[in-house]
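**Student:** Quick one: the structure is below, questions incoming.
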Amino acid sequence: MATAETGHPTILDRLARGETLISDGATGTFLQEHGLEPGGCPEEFNASHPEVVRSMAKAYFDAGSDLVLTNSFGGSKFMQKKYGHEGLVREFNRLAAEHARSQAPPGCHVVGSVGPTGEFLEPLGEVSEGEMYDAFAEQIAALEEGGAEAVLMETMTAMEEATLAIRAAKENTGLTVIATMTFDQGPRGFFTMMGITPERAAEELRAAGADIVGTNCGNGIDRMIDIFRQMREATDGYLLVHSNAGIPVMRNGGIVYPETAEFMAERFKTLVELGANIVGGCCGTGPDHIRALHAALRE
């Protein structure tokens with residue numbers, strides 16, 4: 001989906017000319033509100049509920065997203081094996097990209113979502129580097145086949161897994177590569193579950209070949225601003241932030257994300273002033289959050 005094929009600037013073209021791009025909001029939150037049962041397989045919805053997946057992409061594009069992620073976060077063979085769908089990896093991922101692409105207005109972008117495999121590499125776990133590389137390559141190639149023009153390795157916590165995913169994308173596709181990690185705040189600052197700091201993430205993900213790096217999930221917008229400051233100090237490259245709508249709490253027997261669209265939109269303006277290149281939502285956010293973000297940045 002390069003410029004020569006579509007007649008429209010790519011994500012990297014737009015960033016190079018100084019644009020700030022707006023991403024979408026949560027996938028899981030939307031699907032759960034539209035029929036996905038607890039414990040269900042989100043990626044299976046690409047085959048069984050295509051109208052829901054397409055309506056999600058349309059809702060985010062209509063709200064003002066410049067780019068929308070595919071419904072493929074858990075689309076690797078390792079994650080799909082848990083549902084008995086390991087033989088449908090290519091189909092689910094191709095459909096995920098096709099559904100989002102079918103709703104993309106001219107000039108807007110479809111980004112393949114690739115989450116962690118849920119496995120540990122040897123010797124900590126039982127999966128070899130070759131097996132994990134092949135799983136990423138299979139998934140990412142199917143996303144490209146379906147029409148994605150970029151791929152986002154998101155919610156990563158282990159540098160070894162993230163760099164394998166980046167390499168699989170670079171060596172097997174022509175996609176723009178984005179990589180983000182998730183950080184928790186402890187007494188000594190922010191670290192991923194595997195001990196990676198925001199500064200190290202920014203440096204090493206870039207060194208591994210990612211065109212855009214950043215952070216997603218796990219934190220509300222104020223903490224994301226703190227994490228972003230640390231990443232920006234470590235790199236002058238393109239940075240992306242996908243923030244949760246706060247930390248979830250239990251209310252009236254259900255899970256609620258407390259940060260409103262207006263609350264987040266004002267703080268997204270701060271992120272852009274600090275140098276964020278792509279901003280959007282993660283868990284708990286929806287089209288209303290993106291609409292408010294679009295209004296804050298563009299109107």
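Nothing in this text is a laboratory measurement; each read-out follows from the coordinates by a stated rule. Treat the numbers as computed from the prediction; the structure is a model and nothing was measured. Using ideal geometry, Cβ is built from the backbone for each residue, glycine included, and neighbour counts are taken over all protein chains shown.
**Student:** Tell me the mean residue ellipticity at 222 nm calculated for the chain from its helices only (DSSP H runs of n ≥ 4, each -39500 (n - 2.57), averaged over every residue, nearest 500).
**Tutor:** The per-residue figure over the chain is -13500 deg cm²/dmol.
**Student:** Report Rg (one decimal) and Dmax (nearest whole number) for the chain, counting Cα atoms only, units Å.
**Tutor:** Just the Cα atoms of the chain yield Rg and Dmax of 17.6, 53 Å.
**Student:** Using packing as a proxy for protection, rank 83-94, 273-284 so that the peptide with the highest average count of other Cβ atoms within 10 Å comes first.
**Tutor:** 273-284, 83-94
**Student:** Which value, in Å³ per residue, describes the convex hull spanned by the Cα atoms of region 1-129?
**Tutor:** Dividing the Cα hull volume of region 1-129 by its residue count gives 140 Å³.
**Student:** In whole Å, what is the distance between the alpha-carbon centres of region 128-186 and region 277-292?
**Tutor:** Between the Cα centre of region 128-186 and that of region 277-292, the gap is 22 Å.
**Student:** Separate question: If the chain between Glu19 and Ala47 were fully stretched, how many nm would it gain, using 0.36 nm times the residue separation less the Cα-Cα distance?
**Tutor:** 6.6 nm
**Student:** I've got another one for you. Quick one: order Asp236, Asp66 by neighbouring beta-carbon count within 10 Å, fewest to most.
**Tutor:** Ascending Cβ contact count within 10 Å gives the list Asp236, Asp66.
**Student:** Quick one: compute the contact order of the chain, relative version, from alpha carbon pairs under 8 angstrom and 6+ residues apart, as a percent.
**Tutor:** On the way: 638 pairs, mean separation 55.5, N = 299.
Computed over the chain, the figure is 19 percent.
**Student:** Kyte-Doolittle cut-off -1.0, length cut-off 15 Å along the helix's own axis using Cα: show which whole DSSP H helices in the chain pass.
**Tutor:** 50-63, 129-146, 159-172, 221-234, 261-274, 287-298
**Student:** With viscosity set to 1.306 mPa s at 10 °C, what whole-number translational diffusion coefficient in µm²/s follows for region 26-81 from Stokes-Einstein and a Kirkwood radius over Cα pairs?
**Tutor:** Taking Rh from Cα pairs, D becomes 135 µm²/s.
**Student:** Gaussian network model of the chain, Cα springs within a sub-10 Å range: biggest mean-square fluctuation belongs to which of Glu144, Glu259, Glu19?
**Tutor:** For the chain, modelled as a Gaussian network with Cα springs under 10 Å, the answer is Glu19.
**Student:** Please find, in a Gaussian network model of the chain (springs between Cα atoms separated by less than 10 Å), the residue of Pro50, Pro42, Pro287 whose mean-square fluctuation is greatest.
**Tutor:** Pro50
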